[in-house]
Amino acid sequence: MGVSVSASTAIIVAGMFFAFTAFYPVAANGFDRVAEGERDVHERALERQNTAVTIDSATLDTSGNEVLVVNAINEGSVGLVVSDTTLVVDNEYVDVADATTTVDGDGETDLWLGGERLSIEVDGDSLETTVTNDSRVVLVVESGVRDATGVTA
């Protein structure tokens, strides 16, 4: 074997070494991202499974100003954030931040724990649609779990 064969073999081995050192971090990072994504999907599924919300009542108080009062109970084991809750009245989005919210009578908290009652009071004049007995209210929490009911006067 001559010098040229040994030199070309060394160049090929060095090239393979450099190619492997460039490929390994890329493959490891890709694997880590896929594993992290799968873990996030499983965590969201577990959170959704442990979340249960029930609308206890949705009433329209017509004495004086029209006020829609929605009472819901967090029946799951996951604590929820009130400001991340979405209220839809007759296909109209209602910003919960503009409504009066209380959790078990406390209007200062934004944390809605399991077993607690959330009360949302929406001024009827702030809604574009007119709320009637035929209206439908949907409450959606941050994980996508929802409940719906009709409005009673």
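Just so it is clear, none of the values below were taken in a lab; they were calculated from the coordinates. Everything numeric here is computed off the predicted structure, so don't read it as measured data. Glycine gets a Cβ as well: all are built from the backbone with ideal geometry, and neighbour counts include every protein chain shown.
Region 106-136 and region 23-89 have Cα centres separated by 17 Å. Reported value for region 1-49: 41 Å³ per residue, from the convex hull of its C-alpha atoms. Averaged over every viewing direction, what's the projected area of the C-alpha convex hull for region 52-98? Give it in nm², one decimal, please. For region 52-98, averaging the hull's shadow over all directions gives 3.9 nm².
Over region 6-153, consider all pairs of different Cα atoms and compute the Kirkwood hydrodynamic radius from their mean reciprocal separation; express it in Å, one decimal.
Kirkwood hydrodynamic radius for region 6-153: 18.5 Å.
Only helices enter the 222 nm calculation for the chain: every DSSP H run of n ≥ 4 contributes -39,500 (n - 2.57), and dividing by all residues gives -11500 deg cm²/dmol, rounded to 500. A Förster radius of 30 Å combined with the Cβ-Cβ distance from residue 97 to residue 39 puts the calculated FRET efficiency at roughly 0.45.
Think of region 53-150 as having a plus end and a minus end, set by charges on the Cβ of Lys, Arg, Asp and Glu; of 62, 120, 139, 139 sits farthest toward the positive end of this dipole.
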